[in-house]
Amino acid sequence: MSNKKLSGEVYFPSEKVIENAHIKDRDDLDNRARKDYSGFWSEMANELHWFQKWDKVIDDSDKPFYKWFTGAKTNIVYNCLDVHVKTFRRNKLALIWEGENGESKTMSYFALHRETCKFANVLKSMGVQKGDRVTIYMGRTPEIIIAMLACARIGAVHSVVYGGFSVESLAERIEDSNSKVLIVSDGAYQRGKIVPLKQIADEALQRCGTVEHCLVVKRTGQEINMEQGRDMWYHELMNLPIATQNSALEIVDSEDPLFILYTSGTTGKPKAILHTHGGYMVGTYATLKYVFDIHEEDRYWCAADPGWITGHSYIVYAPLLNGTTSFLYEGAPNFPYPNRWWAMIEKYGINILYTAPTAIRGLMRFGESWVNRHDLSSLRLLGSVGEPINPEAWKWYHRVVGKEKCPIMDTWWQTETGMFMITPMPCVPLKPGSGTKPFPGIEMDIVDESGKSVKANEEGFLIIKTPWPAMIRTVYKDDERYVSQYWSKYPGVYLTGDSARRDEDGYFWIIGRVDDVIKVSGYRLGTAEIESALVSHHSVAEAAAIGLPHEIKGNAIYTYVILKSGIEKSQQLIEELRQHVSHEVGPIAKPEHIEFVDSLPKTRSGKIMRRVLKARALGQDPGNISTLEE
Ligand code: WTA
């Protein structure tokens, strides 16, 4: 580590933390990775099992369609399960699960391997083949992990839709992915109530015609509709002779698709980000190992949902690749009381907690005494993801939860990056609110409109200049969109869609999205999705959505609605529209505020100028409005 004095408020790691850490000097690793980037990643890859090694680490012959570990044969699930079952980890816990209602369950690596093989054979018997897409729509129970792994094991491509999404979002994603199989739970417990997932799925299935089989996991047990010939119970299938423990493993090419995950973009419909087996496996494995400093005896908890990229990479794949013990919790953080999380950390002796700023701010609001009722001395490391963490929340997390001894890994990354990109490591001096610097070997920059690097502390567009193993391969079925969205503003470099600044010490500070993506409670939503849900209501002519700062959620959704002529404005209609968005997109998209207006600011070509709406709502100067229609 350089001895240069760092500016601002700095938290240095203790000697004990450094002593324990895999990496004791990040600059050293960074230099090594820069000198020999391919060598660095092949070293990481060599810690995993391959049925056949690669010819090339990075293949850049068809930029920006980069390929990694070409020529290699593997399967990520083999490295997640089979490898461990052959060692002492066979009896180690892979998973500790607690339901919101207090039920709990544990699974060893042996058990998770068995259940995955069985379900893989069930899927095969339904005709699911390599390359087929399977949609998964479930709550946070072990079966969602089994379902994902079973798909990947047979080379099928999973498409998980977050359980907080609703009818239209689900229908659209099933249809776009052309899934013939849907795996769903009857319901999920959330804040003491049941989210009727199967019922929502039934409605979605009426809007799209691709699904032939719907496999239903029983969780909540309420009466549900089971359509003869289409719907089957998971537990019944798993008891049939077809559910053998045969390996069912498909050995795949490094670049074969692993999953698609829909995410909101700048315009139009959500796009499916495609990730592949080999590079994704190496990238997620190495980043978790070095950033969260995984040790054999750890109990690790990533409190995200498996339905988002954080869950895919850091609940499901990376922890299993590292052979660690993960904790999964089904429900709400404050149910039945605001001490729920802290009680579980104590109960299970969690060592690493990885969550989002919005959750920290939400729990902070209940006061320290809820945390202090519990012994959190098992905690060793903390993490944050999803949106910028304000220094006040960072310090509370550090002092009250981490008792000033746990470094906070503020990890910046995206669905598209698949793995941490800007991140500290435990040995790195921290500044509250900054993710510090890019992961070793990765070059990132902040540039102005013309692509020139901006000066220290100036705001600009955040870009990535080197390919990385877990990078997005394309937008599923839409190579053109992949190129235009990410690689066109500045040829040859990847555009993140975020704005950021870098301080005099080279530390990155994320400011936020510069496109029409809104981060609400860390969830990524597009203005277009909210607007199209509003417009699908019979009384709405036009709508615009923006994000405005919110104390706990980070951003809250504000919408402006032009009603069809003759429709009466009323408080009741506002409530109806909010419910409508919730029903179509999901409760996470429910607007905080709906205002009826007579016109919307538009460019001469008819595009809504959300920037102007935002400035008006914040009482700021809208800036350059020369393109405004009137
Ligand atoms: C934001 C989530 C600040 C950012 C893993 C990014 C963050 C978007 C951070 C991707 C962080 C994520 N600090 N902002 N540590 N992590 N973001 O695809 O705007 O759901 O572009 O992936 O979240 O959101 P996504």
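Miscellaneous remarks
- The relative contact order of the chain, computed from alpha carbon pairs under 8 Å that lie at least 6 residues apart in sequence, is 13 percent.
- Among the protein heavy atoms, those of Met238 account for about 10 Å² of accessible surface (1.4 Å probe, every chain in place).
- Over the chain, the hull volume per residue, using the convex hull of the C-alpha atoms, is 158 Å³.
- Theoretical gain in end-to-end length, Lys269 to Asn225 [0.36 nm per residue, Cα-Cα removed]: 12.9 nm
- Cα-projected label distance for Tyr11 with Lys193, points at 7 Å along beta-carbon direction, nm: 3.5
- Averaging the Cα positions of each part gives two centres, and for segment 558-630 and segment 480-496 these lie 29 Å apart.
- In segment 364-426, Cα pairs under 8 Å separated by at least six residues give a relative contact order of 32 percent.
- For segment 475-537, the equivalent ellipsoid built from the Cα gyration tensor has semi-axes of 27, 20, 8 Å, listed from largest to smallest.
- The packing ranking of peptides 80-89, 143-152, 368-377, highest mean first, is 143-152, 80-89, 368-377, where packing means the average number of other beta carbon atoms within 10 angstrom of each residue.
- Diffusion coefficient, µm² s⁻¹, Stokes-Einstein with Kirkwood Rh over alpha-carbon pairs of segment 300-392 at 37 °C and 0.692 mPa s: 239
- Across the cross-link table entries Lys395/Lys553; Lys269/Lys607; Lys452/Lys607; Lys269/Lys519; Lys118/Lys218, which are compared at the Cα atoms, the separations over 20 Å belong to Lys452/Lys607.
- Among 489-495, 125-131, sorting by the average number of other beta carbon atoms lying within 10 angstrom of each residue, highest first, gives 489-495, 125-131.
- Computed over the Cα atoms of segment 375-418, pair by distinct pair, the Kirkwood hydrodynamic radius stands at 11.3 angstrom.
- Spin-label model distance (nm) - Lys564 vs Ala343, 7 Å beyond Cα toward Cβ: 4.9
- Dimensions of segment 241-304 based on its C-alpha atoms, expressed as ranges along the principal axes with the largest first, amount to 44, 39, 24 Å.
- Under the span-like rule (Cα at least 18 Å along the axis, Kyte-Doolittle mean at least -1.0), DSSP H helices of the chain: 109-125, 277-291
- For segment 60-101, the C-alpha radius of gyration sits at 1.93 times the compact-globule guess of 2.2 N^0.38 Å, with N the residue count.
- Three principal axis lengths of segment 29-75 [C-alpha, angstrom, descending]: 30, 28, 14
- Fraction of the pair-distance distribution of segment 68-204 above 19 Å, Cα-Cα pairs, percent: 56
- Our note on the geometry: Cα centres of segment 265-320 and segment 26-57, 19 Å apart.
- Exposure ranking of Ile251, Ile294 by accessible area [1.4 Å probe, largest first]: Ile251, Ile294
- Full-extension gain in nm, Tyr490 to Glu576, via 0.36 nm per residue minus C-alpha separation: 26.6 nm
- Cubic angstrom per residue, convex hull over Cα atoms of segment 424-490: 125
- When its C-alpha radius of gyration is set against 2.2 N^0.38 Å (N residues), segment 339-416 gives a value of 1.04.
- Each listed q (0.35 Å⁻¹) maps to a log10 I(q)/I(0) for segment 591-630 from the Debye sum over equal C-alpha point scatterers, namely -1.23.
- Scoring 54-61, 580-587 by mean Cβ neighbours within 10 Å over their residues and listing the highest first yields 580-587, 54-61.
- Rg over Rh [alpha-carbon atoms, Kirkwood Rh] for segment 551-607: 1.02
- Considering segment 218-376, its Cα convex hull presents a mean projected area of 14.3 nm².
- Globularity index of segment 513-630 is 1.03 (Cα radius of gyration / 2.2 N^0.38 Å, N = number of residues).
The values are calculated or read from the model by the stated rules, or taken from the named source; none is laboratory data. Note that the structure is predicted; figures quoted are calculated from it, not measured. Every residue, glycine among them, receives a Cβ derived from its backbone with ideal geometry; neighbour counts consider all protein chains shown. Just so you know, the surface numbers come from the protein's heavy atoms only, side chains and all, with ligands and any DNA or RNA stripped out. Shrake-Rupley method; radii C 1.70, N 1.55, O 1.52, S 1.80 Å.
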